[in-house]
Amino acid sequence: MPLVFWRMGIAALGLLLIVNKKIFTVKLSVKDLAIIVGTGFIVALHWITFFHAIKISTVSLTLCCMASGTLFTAILEPLSEKKLPHWLEPLIGVVIIIGLVLIFNFEFEHKWGILTALLSALLASVFTVINKHLVARIPSGVISFYEMLAGFGVIAIVGLFLNSNFYSNIIPNTSDLIWLLILGLICTAIAFAISIEVMKHISAYTVALVINLEPVYGIVLALIIFGESEKMTSGFYLGAAIILLGIFGYPLVKKSIIST
């Protein structure tokens, strides 16, 4: 929670500096503001469960399970638009599930990490679909600012109720502050706003698909940075390969279907 507290707080401040004019000129209805605040809470829960999954398992395993977000989005996006999903999208989701089942069987000792990561992926799909609808009428920077601010505020309140010493125990040292600034400004404020902005042009499902490339570079970086602690069983890598096959195969198969 302290990590997400600082991440969202720094991101909100960064977005305030980047899009300050839009924030104060865009008028939000009470309904839109309530939706954005609620979505900010979902974003906070997503990151809390994401980091907790890493803490109780590994970076590689968590990132791989996050690929299930493709399946969740394939189901949620059409439902939010009151239509049936294209048959190919759930099919790709099934491929991803097969990969996840393989990983679960070979990495059963990390079952709680896997389940937590799957919950995180579901939450990510929920706020991605909501933001897809919001960005049609509200600037992406404004959405991002209020969601980051809302998540920051919720954690500030909840953290105090859970632990009276919450604030005294979360002061970062210099090294941590540098990493938090990188995480909050570059990896959150800028990246989050861009991910919402592109949904003006592409579907939430495509955004989820692209984000699911994280396991590719994430697993490589985890092996380089954390070494032996990130090495997994052969079953994990087989499952990961199946998941990535589904991710990369989707646009190729869909293009082939459309062209025929």
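The values are calculated or read from the model by the stated rules, or taken from the named source; none is laboratory data. Keep in mind that what you see is a predicted model, and the values were worked out from it rather than measured. Here Cβ is always computed from backbone atoms with ideal geometry, including for glycine, and neighbour counts include all displayed protein chains.
Of all residues in region 1-50, those being under 21 Å from Ala121 (Cα atoms) and outside any helix (DSSP H, G or I) number 1. Just name the residue that is farthest from Val59 (Cα to Cα) out of those in region 91-110 that are touching a helix residue (DSSP H, G or I) at 6+ places or on another chain (Cβ under 7 Å) and among the aliphatic types (A, V, I, L, M). By that ranking, first place goes to Ile92. When you scan region 110-118, do you find a residue that is β-branched (Val, Ile, Thr), assigned to a helix (DSSP H, G or I), within 17 Å of the chain's Cα centre (by Cα) and farther than 22 Å from Asn20 by Cα, even just one? For region 110-118, residues β-branched (Val, Ile, Thr), assigned to a helix (DSSP H, G or I), within 17 Å of the chain's Cα centre (by Cα) and farther than 22 Å from Asn20 by Cα: present.
Across region 1-38, the number of residues qualifying as of a type in the set (D, E, K, R), closer than 13 Å to Ile143 by Cα and either in contact with a Pro (Cβ under 8 Å, 6 or more places away or on another chain) or at pLDDT 90 or above (or both) comes to 2. Mind listing whichever residues of region 231-256 are closer than 13 Å to Asn105 by Cβ and in a helix (DSSP H, G or I)? Ser234, Gly235, Phe236, Leu238, Gly239, Ile242, listed by residue number. You will find that of Ala241, Ala191, the residue that is touching a residue at least 60 places away in the same chain (Cβ under 8 Å) and small (Gly, Ala, Ser) is Ala241 and no other. Within region 103-129, the residues that satisfy the criterion of being of a type outside the set (Val, Ile, Thr) and under 23 Å from Ile35 (Cα atoms) are Leu119, Ser120, Ala121, Leu122, Leu123, Ala124, Ser125, Phe127.
Just one of the numbered conditions (1) closer than 29 Å to Asn105 by Cα; (2) in a helix (DSSP H, G or I); (3) in contact (Cβ under 8 Å) with a residue 60 or more places away in the chain is not true of Gly227: (3).
I'd like to know if region 144-165 contains one or more residues that are part of a helix (DSSP H, G or I), under 15 Å from the mean Cα position of the chain (by Cα), over 16 Å from Thr39 (Cβ atoms) and not polar (S, T, N, Q). Taking every residue of region 144-165 in turn, none turns out to be part of a helix (DSSP H, G or I), under 15 Å from the mean Cα position of the chain (by Cα), over 16 Å from Thr39 (Cβ atoms) and not polar (S, T, N, Q).
Residue-level check: of (1) hydrophobic (A, V, I, L, M, F, W, C); (2) touching a Gly at 6+ places or on another chain (Cβ under 6 Å); (3) crowded, with 24+ Cβ neighbours inside 10 Å, Met66 misses just (2).
Conditions (1) surrounded by fewer than 22 Cβ atoms within 10 Å (Cβ to Cβ); (2) under 17 Å from Trp47 (Cα atoms), marked per residue:
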| site | (1), (2) |
| --- | --- |
| Thr116 | no, yes |
| Ser125 | no, yes |
| Thr128 | no, yes |
| Ala136 | yes, no |
| Ala150 | no, yes |
| Gly159 | yes, yes |
| Ile186 | yes, yes |
| Ala189 | no, yes |
| Glu197 | yes, no |
